[in-house]
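Only the coordinates and a few stated rules stand behind these numbers; no lab work does. Owing to the predicted nature of the structure, the values given are computational and were not obtained by experimental measurement. Cβ coordinates were reconstructed from backbone atoms using ideal geometry, including for glycine residues, and neighbour counts include every protein chain displayed.
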Amino acid sequence: MINFYETYECKIDDKGRLKLPSSLMKHLEHLGGEVVVKRAVFQDCLEVYPQQTWTKRMETLGKLNMYVKKNLQFIRTYTSGVKTVEIDKAERILISRDLKSYAKLEKEIVIAGMIDYFEIWDKTAYEENIKTDEDDFANLTEEVMGNISSDEH
């Protein structure tokens, strides 16, 4: 099972090349040499999926009725800007100009594990997002996790 849970501070160069941390590469190396990079749904960041995780998500989307207009619009928007990216021999991925611009990535970035994928954030935006969430994190924790039985966590 894939389990991305760590947070890393990294740098991205002017060409959009991002060196992946070695501990993250340990999770990725047995999953193949490609990842899928896309715009996040709820935040101004990027989501990065191992190919097998992305394939499962696409299989789920493939179950939607293609004769329902809102389903087509959702798929079109969800997959907008998606790029399949090869991890090079230097353990870097290339973030395309359009995706780099979408996430407002500057030099300092944060990679945040999200269980079966990870996010790429501009460091300042990530810190602002976490700070905002910390203000109400106790209530959020109770709301999200409060109904899970103790056997499940």
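Only helical runs count toward this figure. For the chain, summing -39,500 (n - 2.57) over DSSP H runs of n ≥ 4 and dividing by all residues gives -10500 deg cm²/dmol at 222 nm.
Neighbours of G113, meaning other residues whose beta-carbon lies under 9 angstrom from its beta-carbon, give a summed charge of -2 when Lys and Arg score +1 and Asp and Glu score -1. What is the local net charge at C10, summed over the other residues whose Cβ is closer than 13 Å to its Cβ (Lys, Arg +1; Asp, Glu -1)? Neighbour charge sum, excluding C10 itself: -2.
Sorted fewest first by neighbouring Cβ atoms within 10 angstrom, Y8, Y126 come out as Y8, Y126. For R17, the residues whose amide H sits under 5 Å from its own are I95, ignoring neighbours fewer than 5 places away on the same chain, with H placed 1.01 Å from N. Taking percent of Cα pairs over 27 Å apart as calculated from this structure, the corresponding entry among (1) 30; (2) 23; (3) 14 is (1). By the beta-carbon count within 10 Å of each Cβ, the least crowded to most crowded order of Y5, Y67, fewest first, is Y67, Y5. Full extension of the chain between K26 and D136 gives 36.2 nm of extra length, using 0.36 nm per residue less the Cα-Cα distance. Net charge of the neighbourhood of T79, taken over other residues with C-beta under 13 Å away and scored Lys/Arg +1, Asp/Glu -1, is +4. When the pairs K69/K104; K19/K89; K69/K100; K15/K107; K11/K104 are compared against a 21 Å limit on Cα-Cα distance, K69/K104; K69/K100 fall above it.
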